[in-house]
Amino acid sequence: MTTTTVPGVRLTVLVGEDDMWHHKPLFAEIVHRAHRAGLSGASVFRGVEGFGATSLIHTSRLLSLSEDLPVAVVIIDTEQRVRAFLPQLDELVGEGLVTIDHCEIVCPGGHDDKESS
């Protein structure tokens, strides 16, 4: 079995679970726009505890504070494709945090869909 790696970037968007975009969860709008933009994939992860710019801790451990838990939308693709997507995030994300990290994309079996397209 041959494993190939290619350079990529991981885009992480941290928002609140209750953040909305036109009556729709913000995280869902980000995922749908990433899909329409042709990015390789997007996953949403719900946090169990966290705080942001307000310094208010949100946690799932206390029923009264279990609102607006942190949510991370993670997208991995080539740097060029991710950076082309950033203007859409400028429109969507007001109080969230957006990070980009360099990574290696592992292609088991030496197969790389990005290079073959």
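The values are calculated or read from the model by the stated rules, or taken from the named source; none is laboratory data. Everything numeric here is computed off the predicted structure, so don't read it as measured data. Neighbour counts run over all protein chains shown; Cβ positions are idealised from the backbone, glycine included. Side chains included, ligands, DNA and RNA excluded: accessible areas come from the protein's heavy atoms. Shrake-Rupley method; radii C 1.70, N 1.55, O 1.52, S 1.80 Å.
All but one of (1) open to solvent by less than 70 Å² (accessible area, probe 1.4 Å); (2) part of a loop (DSSP other than H, G, I, E, B); (3) polar (S, T, N, Q) hold for THR54, so report the exception by its number.
Result: THR54 fails condition (1) only.
Yes/no matrix, rows are residues, columns are (1) within 13 Å of THR78 (Cα to Cα); (2) assigned to a strand (DSSP E or B); (3) of a type in the set (Gly, Ala, Ser); (4) open to solvent by 20 Å² or more (accessible area, probe 1.4 Å):
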| site | (1), (2), (3), (4) |
| --- | --- |
| THR5 | yes, yes, no, yes |
| ARG10 | yes, yes, no, yes |
| PHE27 | no, no, no, yes |
| VAL31 | no, no, no, yes |
| HIS35 | no, no, no, yes |
| SER40 | yes, no, yes, yes |
| SER43 | no, yes, yes, yes |
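Within segment 51-83, how many residues are over 18 Å from VAL98 (Cα atoms) and at pLDDT 95 or above?
Qualifying residue count, segment 51-83: 0.
How many residues are at pLDDT 95 or above, out of contact with any Phe, Trp or Tyr (no Cβ under 8 Å at 6 or more places or on another chain) and of a type outside the set (S, T, N, Q) if we restrict to segment 29-50?
Of the residues in that region, 8 qualify.
Output the residues belonging to segment 79-96 that are outside any helix (DSSP H, G or I) and either surrounded by 13 or more Cβ atoms within 10 Å (Cβ to Cβ) or in contact with a Pro (Cβ under 9 Å, 6 or more places away or on another chain) (or both).
VAL93, GLY96
For residues that are of a type in the set (D, E, K, R) and loosely packed, with under 14 Cβ neighbours inside 10 Å, scanning just segment 12-25, find the one that is modelled with the highest pLDDT.
Out of the qualifying residues, it is LYS24.
Find all pairs meeting these conditions: Cβ atoms under 9 angstrom apart; at least six residues apart or on different chains; first residue within segment 28-49 and hydroxyl-bearing (Ser, Thr, Tyr); second residue open to solvent by 90 Å² or more (accessible area, probe 1.4 Å) and part of a loop (DSSP other than H, G, I, E, B).
Listed pairs, sorted by first residue: none to list.
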